[in-house]
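The values are calculated or read from the model by the stated rules, or taken from the named source; none is laboratory data. These figures come from a predicted structure and were not determined experimentally. Here the Cβ positions follow ideal geometry from the backbone for every residue, glycine too, while neighbour counts run over all protein chains shown. When the accessible area is computed, the model is the full protein with side chains, heavy atoms only, and any ligands, DNA or RNA have been set aside. Shrake-Rupley method; radii C 1.70, N 1.55, O 1.52, S 1.80 Å.
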Amino acid sequence: MGARRQLGRLESTEHGRRCEPAPAEPQADGPRQIAQAAADAILAGRGNQYPPGPGIPELRRAICDHQRRFYGFDYDPDTEVLVTAGATEAIAAALLALVEPGDEVIAFEPYYDSYAACIAMAGGVRVPVTLRPPSFRPDLDALRAAVSPRTRLILLNSPHNPTGCVFNREELAAVAAVAREHDLLVVTDEVYEHLVFDGEHVPIVSLPGMRERTVSISSAGKTFSFTGWKIGWVMASPVLVSAVRTAKQFLTYVSGGPFQYAIAEALALPDRYYTGLRDALHSQRDLLCSGLAAAGFEVYEPAATYFVTTDCQPLGEKDGVEFCRALPGRCGVVAIPNAVFYDDAEAGRSQVRFAFCKRAEVLKEAAARLARLRHSA
Ligand SMILES: Cc1ncc(COP(=O)(O)O)c(C=O)c1O
């Protein structure tokens, strides 16, 4: 019953009553040497047949090396890492493995749209804790109030899509304290870990008492600008990884063999690659944010990710869904209404999300077209 009710939201998407969020993808592909590594792997016959279920050992080792290099802690590549078909499959497999019908899953809304779908497919009940503008900082009292005897896990996403909020150490410590106190698992989606402009990304698993109860998820899509390759991963204790692997076995079994070799190489790229990616996106963020502000939007500057949330009310618009539906026709710009990321659609009614993972001239052109809207209304 619960699952059916939750799926209602998905069905209404299919019937077009809501806007379906389209993926935002980088305009430029990732490093050429990494694309070459994938091509070489295919031609050399590496990964063209089913790779090992947990992922190729080279990639699992590279994931562990990356974790040690950036955050200073260790996972065992043989028992604590699982390669998945992007973070999306990792989220699905984790929820299918760890949530029983009727279990409650707390997630901060607005949330990445697969969360609602995957909780529903697991038969779980989502319990949203709302992030509100202008700061979108988590309301920790609301989090504590959301816990019930049926709560099974907290589904965390920091850096956060769509708001660009990066939970700070104190906030994460408070989330961790709730998890410990109520013996909850935390599934944490950290796909934007390297796209942080202000503040720092702190993996919640690094906080005391969290190693055994945290399933950490990341992916190569955003970090290396190869979103189509769909290489993601799960890191957790052996017992949790084994549970997630059992669900993953019947979702895709394995995927992306040759790409796994290439991403193993990508993770070992020097620091200047990671800082270069971040710095480029940082200036794209500044460019789009100032353009949107000049066009009349209220802009909630994101600390991370490649999205910026705005409010369209200053343009005389009340409804983000209507505004976004009309926008391509009005000026050839596409945006996503944040309402589709909320259960409480009222909370995000006039919020609109733009993506800045685009070339500077495209961002400038988009801002110029949006600026003309006020005069053409
Ligand atoms: C928060 C979040 N998690 C996961 C994903 C999907 O990652 P992947 O492409 O690796 O499946 C996205 C993509 O937009 C995202 O925004």
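General observations
- Treating r as the C-beta distance of Asp198 and Ser148 and R0 as 30 Å, the FRET efficiency rounds to 0.30.
- Modelled spin-label separation between Arg169 and Ile42, with each label point placed 7 Å from Cα along the Cα-to-Cβ direction: 4.5 nm.
- Distance between modelled label sites at Asp141 and Phe70, nm, 7 Å Cα→Cβ extension: 3.5 nm
- Of the chymotrypsin sites (Phe, Trp or Tyr not before Pro) found in the range 215-290, those that fall in a DSSP loop while having at most 14 other beta-carbon atoms within 10 Å are Phe250, Tyr253.
- Farthest toward the positive end of the dipole of the chain, out of His375, Gln27, Ala360, is the Cα of His375, where the dipole comes from beta carbon charges about the Cα centre.
- When the alpha-carbon atoms of the range 208-326 are used, the pair Rg, Dmax equals 19.7, 54 angstrom.
- When the charge dipole of the chain is built from unit charges on Cβ atoms (+1 for Lys and Arg, -1 for Asp and Glu) and taken about the Cα centre, the candidate among Thr309, Thr275, Val202 whose Cα reaches farthest toward its positive end is Thr309.
- Descending semi-axes in Å of the range 58-101, equivalent ellipsoid built from Cα gyration tensor: 23, 11, 10
- Axial C-alpha extent at least 20 Å, average Kyte-Doolittle at least 1.0 - helices from the chain (DSSP): none
- Applying the criteria of a DSSP loop state and at most 10 other Cβ atoms within 10 Å to the GluC sites (Glu not before Pro) of the range 60-136 yields no site.
- Paramagnetic label zone (point 7 Å from Cα along Cα-to-C-beta, Arg278; backbone N under 18 Å) in the range 233-271: 267-271
- Its Cα centre serving as origin, the chain has a Cβ charge dipole (Lys and Arg +1, Asp and Glu -1) of approximately 680 debye.
- Ala35/Glu322 FRET efficiency (R0 35 Å; Cβ-Cβ; nearest 0.05): 0.30
- When a 1.4 Å probe is rolled over the protein heavy atoms, the share of accessible surface on the chain that falls to carbon and sulfur comes to 51 percent.
- Our estimate of slack between Lys364 and Glu346, defined as 0.36 nm per intervening residue step minus the Cα-Cα distance, is 3.4 nm.
- Label positions at Glu181 and Ala294, each projected 7 Å from the Cα along the C-beta direction, are separated by 4.8 nm.
- Rolling a 1.4 Å probe over the heavy atoms of the protein chains gives the chain an accessible area of 41 Å² per residue.
- Calculated SAXS-style log₁₀ I(q)/I(0) at q = 0.17, 0.25 Å⁻¹ - the range 174-263, Debye, Cα scatterers: -0.85, -1.26
- q = 0.07, 0.09, 0.12 Å⁻¹: log10 I(q)/I(0) that the Debye formula gives for the chain, counting C-alpha atoms only: -0.30, -0.51, -0.92
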